[in-house]
Amino acid sequence: MTQKENLFFSFLESNQWNAAGTVGKEISKIAADTSLQDRVVQGVVVKPVYHKENLDSKVSLSNNFPSEWLVGQIIVARTQEACLLFLNKALKGGVDTLTFFDKKEIDLATLLKGVKHKSKRIEIVFSELPSLSYLEGLISVCDKNGTSLMLSYDPIHDLIKSGNWKKSMADDLQDWLKFYVDSKSKSFKVSGVIYQNSGATIAEEIAFCLAQANEYLLTLSNEGIQPDEVCFEVSIGGNYFFEIAKIHALRSMWNLVSSEYGNAIPCEIIAQPSKRNMTLFDFNLNMLRSSTAAMAAIIGGANVVNNLPYDEVFNPSNDFGNRIARNQLLILKHESYFDKLENPAKGTYFIEQLVNDLSENILEIFKDIEHLGGFIKCLETGYVQERILVSEQEEQKAFDEGSRILVGTNKYQNLSEVPIADLLLKSINQTSTSIRPILEKRLSEQNELKRIEDGKQ
């Protein structure tokens, strides 16, 4: 042959598939197979075959894809000594960024002075409004260390979890504004982890994040302030391709929402695996679940990935679990070369269409929230909680019936397995609250509880 024959035929129009040889004919058979009909997943029609000619994507996947992603770790400790130990081990272990939850028992300003290694970034999450002097001390320490500091305070998230404002809506938002000014921050953070962990769909999760961020933007705009950046924290579930599309959809929809305040505001995305599909039985499989979630987050374009220990369900914040969680991300970055990716989802017809479809659903929910008076109003009326409850019950039903599978729990169970810890279910707070709190719930909780009780008999 004078001319090399192509190993693969070029992409053809669907009406040309039959003429494309054996491969093309097989694809045509698959597309015509009645057993492979369109399915509806989380409100999105999923087709058996995607082709360029069918692509209806209006959303670009090229917007602001990060040049690098950071390996993160969340530090949870009860004492100063334990916190310092976890911190040094994490930095020696190769993490790029650390997240701390501020506690009265721990003086983070003093703690950070004794750090032997440096991270690229440190995030501190406050549940109470800190003093100006404390903030200034933290800023000073990180400036001397040459470490980027992110200070987070999210009273709406705290309201969602507890059901109560710390003072009142007006006072808490005013405190948030004071925090924003005192911390000399040019950005703020919105935590949406709780939505996915409580059973919300992907479209609901992102729409709620956007609506929550919009409440803060309104507070800033009333003072004539526009942030340089907004940070979103999301949970990544087990629906691999949908989770990849979710990150892209969040960026695109945020550009759309923030552009209403003038220029579009860039966003940073922090991702972590969902707790919802973690299990107590056959818990080593949690490593596979969190690895897959991390992969989806990276391919989707997350800026920071915080992994969760595989034994988070029954043994939170232990040294071994933290080390395994770090190493999972380090392997992805340095051995699987996930730090070399350049927007791999771009040009993937399936994912591009998913991004478009999810974006439309997200926008519809966001508009409904704004029409009903905004996110806080929808929390007060129970609109948000009711939507999550319906979605959670639908997913729970699918799990109970076996169509939503968690291997080792409702499929391929090791019936002789004895759990190394009893399951502790959180009871619903019966005290008076201003809104109905949103509670995290794992899919397998009731299944595990029944197996534990049966094993005791």
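All of the numbers you see were taken from the coordinates with simple rules; none came from a lab. The structure displayed is predicted, hence computed values, not measured ones. In this analysis, Cβ positions are derived from the backbone assuming ideal geometry, glycine residues included, and neighbour counts consider all displayed protein chains.
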How do the peptides 352-362, 152-162 rank, highest first, by the average count of neighbouring beta carbon atoms within 10 Å per residue? 352-362, 152-162
Long-range share for region 187-457, i.e. C-alpha pairs more than 30 Å apart as a percent of all pairs, stands at 33 percent
State the volume of the convex hull built on the alpha-carbon positions of region 106-224, expressed per residue in Å³ and rounded to an integer. 130 Å³
Order 237-247, 331-341 from most to least packed using the mean count of other Cβ atoms within 10 Å. 237-247, 331-341
So what J values fall out for region 366-375 if you push phi through Karplus, 6.51 cos²θ - 1.76 cosθ + 1.60 with θ = phi - 60°, rounded to Hz, Gly and Pro as x? 4, 5, 4, 4, 5, 5, 8, x, x, 5
Cross-link candidates for Lys92: which aspartates and glutamates have Cα within less than 16 Å, leaving aside residues fewer than 8 places away along the same chain? Asp319
Apply the Karplus curve 6.51 cos²θ - 1.76 cosθ + 1.60, θ = phi - 60°, to the phi angles in region 337-354 and return the couplings in whole Hz, x for Gly and Pro. 6, 6, 8, 9, 6, 10, 6, x, 6, 5, x, 8, 4, 4, 5, 4, 5, 4
Amide hydrogen neighbours beyond the local backbone of Lys189, cut-off 5 Å, H modeled: Tyr153, Cys231
Angle check, please: helix 240-258 long axis (alpha carbons) against the longest principal axis of the chain (alpha carbons), in degrees 0 to 90, nearest 10. 60 degrees
Relative to the longest principal Cα axis of the chain, at what angle does helix 383-401 sit, 0 to 90 degrees, rounded to 10? 50 degrees
Test of understanding: express the Cα radius of gyration of the chain as a ratio to 2.2 N^0.38 Å, with N the residue count. 1.04
Expressed in nanometres to one decimal, the distance between label points 7 Å along Cα→Cβ at Phe320 and Gln174 is 5.2 nm
So, with points 7 Å from each Cα along the Cβ direction, the Gln226-Asp368 label distance in nm works out to 3.1 nm
If every Lys and Arg gets +1 and every Asp and Glu gets -1 at its Cβ, then about the Cα centre the chain yields a dipole, in debye to the nearest 20, of 1020 debye
From Cα pairs below 8 angstrom and at least 6 apart in sequence, can you work out the relative contact order of the chain, rounded to a whole percent? 19 percent
Taking the Cα of Ile420, stepping 7 Å toward and past its beta carbon, and measuring to each backbone N in region 270-302: which are under 16 Å? 279-288
Find how many whole Å separate the alpha carbon centroid of region 149-189 from the alpha carbon centroid of region 101-144. 17 Å
Per-residue ellipticity at 222 nm for the chain, helices alone: DSSP H runs ≥ 4 residues times -39500 (n - 2.57), over residue total, nearest 500 deg cm²/dmol? -14000 deg cm²/dmol
Counting alpha carbon pairs within less than 8 Å and at least 6 residues apart, what relative contact order, in whole percent, applies to region 101-176? 31 percent
Going by amide H atoms built from the backbone, whose H comes under 5 Å of the H on Met150, apart from near neighbours? Ile122, Glu123, Ile124
For the pairs Lys161/Lys340; Lys275/Lys346; Lys104/Lys275; Lys47/Lys411; Lys47/Lys367; Lys120/Lys166, note any where the Cα-Cα span goes beyond 30 Å. Lys161/Lys340; Lys120/Lys166
What order do you get for 173-185, 270-282 when each peptide is scored by the mean count of other beta carbon atoms within 10 Å, highest first? 270-282, 173-185
Once you put a point 7 Å from the Cα of Leu85 and another 7 Å from the Cα of Glu136, both along the Cβ direction, what distance in nm separates them? 3.5 nm
